[in-house]
Each structure stands twice: as structure tokens, then as C-alpha cells.
Amino acid sequence: MEGKYKPSLAKEMTLKDYIFLAVGTIIGTAWAILTGNIIGEAGPGGAVLAFIFGGLLLIPIGLAYAELTACMPVAGGPITHSYRAFGSFFSFLTGWAYILGYLPLCAWESVSLGAIIGWIIPGMSTMPLYTIGAYTVYLPQLLVSLISTTIFTTINVVGIKLSAKIQNIMTVILFICGFVIVAAGLLYGKVENMQPMLIGGTIVESTGKILRVLVTFVIFLMCGFETVPQQAEEKTTKFESKKFGIPIILGIALAAMFYISIIVATSMVVPWPSLLSMELPLFDAFKAAFMSPIIVYLVTICALMGLLTTFNGLFMAGARILLALGREHLIPETFVKIHPRFNTPHIAVIFIGIITFIGAFFGKSIWLPLVNVTAVGFALSWLFETAAALKLKFSEPSLPRPYTMYGGKATAAIGVVTSLSFIALLLLPGSPAQISWPMEYLMLAAWLITGLVLYHSSKSSYLKPKLNK
């Protein structure tokens with residue numbers, strides 16, 4: 001596909017870059033805020049089991065991405081995968097699902113960055129401008145959001161090499177700080193602080209608590225490994241397509257290990273039931289245990305790096321989704337344009353930058369419910385990818401596959417069932433992970449209706465009824 005468009009995207013991404021992209025994007029900053037909630041829901045042992053099970057459930061989905069990305073290493077690959085398997089309508093739905101996942105999160109990361117800086121520097125929570133809902137927008141925090149958005153937009157226009165290098169550096173800092181935090185907790189914490197390991201008087205009750213953590217937190221916290229296929233076209237000429245499974249599966253595994261380590265370390269430094277009465281459990285627990293601001297600074301830096309790596313990773317991936325949708329004539333072909341000097345999809349990058357820039361003015365009130373809905377977008381995108389992998393196993397068994405997933409059709413089918421289960425748990429009434437009624441259902445309906453209108457508009461104006469190969 002990419003050969004039709006000149007100039008082409010830069011070929012700069014190495015295996016190391018893809019690994020840091022996956023891990024850095026998955027590990028955002030939500031863990032720093034939600035650790036206390038996660039432990040309080042199922043106990044430390046239950047929370048650990050939830051992330052183990054969650055990581056294992058995501059492996060078949062990751063393998064489907066690995067197989068199809070190796071087979072079709074193009075920008076915004078999952079859109080091409082769906083096109084090949086199901087045609088233009090499902091290809092558009094796939095891209096639209098990613099838009100639901102990536103764009104609100106970009107705006108949310110921008111707003112969250114301002115809020116975190118405001119928490120670190122009290123003077124940043126002054127000069128209130130206006131209030132939307134329950135949240136006040138402060139001028140200093142808004143400026144942080146606007147400046148950071150401008151910086152990341154510029155970085156991603158200038159080149160994938162610069163974006164990847166910054167992503168690598170921030171991810172390394174994240175893991176160094178995370179390692180020190182976990183080591184401190186394990187060395188100076190007490191195992192008895194983790195009692196009781198599970199919540200619930202019976203196995204059934206404890207299992208229910210574990211499942212609640214799995215569907216409420218793990219789905220949201222483990223998104224991001226699918227950013228690797230979006231940048232597949234930008235691999236170096238030395239990178240073998242069959243290796244795309246390494247960063248995807250390793251990203252899932254390392255992120256799960258990171259979360260598990262943080263849960264264990266936090267549960268050990270103080271008796272974990274005391275976390276439930278703390279305003280910011282992770283920060284307050286380490287501060288109380290070590291009586292030193294240094295460890296709190298490390299936690300803050302770690303959380304800040306997680307936010308920035310997610311912000312940058314979503315920027316990178318979102319632009320490639322828009323590029324791929326334009327190439328398939330599903331949105332205006334303006335988004336297909338590649339910068340003649342930097343070899344980046346600059347129009348797509350700038351568009352995401354503008355949406356994020358404008359979104360910063362709305363503060364948390366608008367984006368918080370939308371962020372909850374993004375989990376549906378990611379689960380839908382996983383469903384389309386695993387379904388495409390399964391379909392192509394039957395319809396095109398001889399399709400060249402540099403990498404073939406372990407278990408073949410059975411593994412792809414497991415991925416489909418897992419994705420459908422996630423979607424059901426997010427939407428069905430009474431589910432512990434159900435999105436909020438009616439606000440978040442209305443947002444989801446608005447997203448779907450807007451997509452259908454855009455698709456039919458593009459079909460009459462842009463769509464060409466043949467697959468770009």
C-alpha cells in the first residue's frame with residue numbers, strides 16, 4: 001500500500017523502539033491513582049491474580065496482532081487487516097474504534113498533566129478561570145496542557161526517530177524509578193501487612209472480587225500494546241516482520257509485571273486496609289512508611305513519565321490511524337499527505353494536536369466520562385483484529401505469514417471470545433464494569449451515529465470499492 005504514496009514514511013523504528021513504545025504506552029499514570037482502589041477491591045492477592053489472568057487473556061489477542069502485522073506491515077495496520085477480511089465498512093469501524101480510544105485519551109493526558117503539575121506545585125492551582133461540572137480550570141494548569149500539546153505535536157511532526165528516542169528515554173526513566181520504588185517496598189515492607197490476601201468469606205465471593213478488578217481495571221490499564229501495529233510501516237529495513245510479536249507480547253508481560261510489583265510493594269509498606277482511608281494511597285503509603293519526601297518524588301516522577309509516554313505513544317499511533325483511513329478513502333485524503341522533509345503524516349499529527357489543544361479548555365468534566373468509554377473502543381478494536389485473523393485463516397490459508405500465531409485458529413477464536421466478553425462486561429446492565437447510564441451510553445451512541453454518517457458521506461465522496469494492496 002505505502003508504495004503508492006510519495007514521499008513515504010521514514011523507516012526508523014527498531015525492535016528496541018517498538019518495545020519501548022508498547023510498554024511506555026500501556027503504563028500510563030492511572031496506576032498511581034488507582035492502586036489503592038485496586039487493592040481495596042480484592043485484596044493484594046486478588047489484585048495480583050486479576051492482573052495475571054488479564055495478561056494471559058490478552059496474549060491470544062496480542063498474537064493475532066503479531067500475525068497480521070507481520071503479514072501486512074503498513075501504517076494503521078489493523079484497518080488494512082479488517083479491509084482485507086471484511087471490506088470497507090468493518091475497516092472503517094476498526095479505525096473509528098481506535099479514534100474512540102486514542103483521541104479522548106490524548107486530551108485526557110494533556111489535562112491530567114496540568115493537574116499533576118498542579119499537585120506537585122501548589123501555586124499552579126491558582127487563578128481559576130471557570131468551572132465546568134465539578135472541576136475548575138486553572139490558568140497555570142491550562143497553560144501546561146497547551147504547551148505540552150504544542151511540544152508533542154511538534155515532536156511528532158519533526159520525525160518518528162525523535163518521537164521514538166524521547167519515548168525510549170522516558171520509558172527508561174519510568175522503569176528506573178519504578179524499580180527503586182518496588183525495591184524499597186520489598187526490602188523494607190512487611191509481608192504481614194498484606195493480610196488478608198483476599199477479600200470475601202468464600203471462594204465464590206473472592207472470585208467475584210477478582211473478576212471485578214479484572215473487568216473494571218485491567219482492561220483499561222492494559223490498553224496500548226496495539227500501538228505497535230500502527231507504526232509497522234516505519235520499521236527499519238533490517239527489522240524482520242516476523243519479530244513484531246516480540247514487542248507486542250513483551251509489552252503485555254512487562255506491563256503486567258510492573259502493575260503486580262507496584263501492588264505488592266504498596267501492600268507491604270503499610271497494612272493495606274489503611275490505604276482505603278488515604279487520599280492518594282500510593283503516595284501517602286510510601287510517605288508514611290519512609291518519612292521522606294524523596295520516595296514521594298520518585299513515585300511522582302514515575303507517574304509523570306508514565307503519563308508522558310502514553311501521551312506520546314497515543315499521538316504517534318493516532319496519526320497513523322488517520323493516515324490509514326485516508327489511504328482507504330474512508331476519510332478525506334488530506335490525511336494521506338506525508339511531510340516532504342520529515343516523512344511524517346504531518347496533517348494527521350496536527351489534526352490530533354488541534355483536537356487535544358481545544359480539548360484542554362474543557363478540563364476533566366467532559367473527558368472523564370469519555371475516558372471510561374474508551375475501554376469500549378479498545379475492546380472493539382481487539383474484536384475486529386482477532387476476528388480478521390480468524391477469518392483470514394479460513395478465507396486465505398495460503399496468505400504469506402512471516403509469523404504464525406501459536407495455536408492457529410483456536411488461538412484466534414479464543415481472542416474473539418475474550419474480546420466479546422470484555423465488550424459484554426462493559427455494556428451489559430448489572431456488570432461490575434458497566435459504563436455509566438445514561439451519560440456514557442449516550443456518548444457511545446453519539447460516537448457510533450457520527451461514525452455512520454461520516455462513513456456514508458465518505459462512501460459517496462471518497463470510497464473506492466477495491467482493496468489497496
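The residue of segment 319-378 that is modelled with the lowest pLDDT, among those that are of a type in the set (Ser, Thr, Tyr) and under 30 Å from residue 421 (Cα atoms), is 365.
Only a single item in (1) of a type outside the set (D, E, K, R); (2) in a helix (DSSP H, G or I); (3) in contact with a helix residue (DSSP H, G or I) (Cβ under 8 Å, 6 or more places away or on another chain) is not met by residue 434, and it is number (2).
Listed here are the residues, each with its yes/no results for (1) touching a Cys at 6+ places or on another chain (Cβ under 7 Å); (2) over 21 Å from residue 188 (Cβ atoms).
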position: 291; (1), (2): no, no
position: 294; (1), (2): no, no
position: 297; (1), (2): no, no
position: 314; (1), (2): yes, yes
position: 323; (1), (2): no, yes
position: 333; (1), (2): no, yes
position: 336; (1), (2): no, yes
position: 344; (1), (2): no, yes
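The condition of being modelled with pLDDT under 90, among the acidic types (Asp, Glu) and under 23 Å from residue 448 (Cα atoms) does not hold for residue 385.
Among the numbered conditions (1) under 20 Å from the mean Cα position of the chain (by Cα); (2) at pLDDT 95 or above, the only one that residue 395 does not meet is (1).
Run down 224, 245 and say which single residue is over 22 Å from residue 36 (Cα atoms) and in a loop (DSSP other than H, G, I, E, B). Walk me through it before giving the result.
Working: 245 fails: in a loop (DSSP other than H, G, I, E, B).
Only one candidate qualifies: 224.
The values are calculated or read from the model by the stated rules, or taken from the named source; none is laboratory data. Note that this is a predicted model, so its numbers are computed, not measured. With ideal geometry, Cβ positions are generated from the backbone for all residues, glycine too; neighbour counts draw on all protein chains shown.
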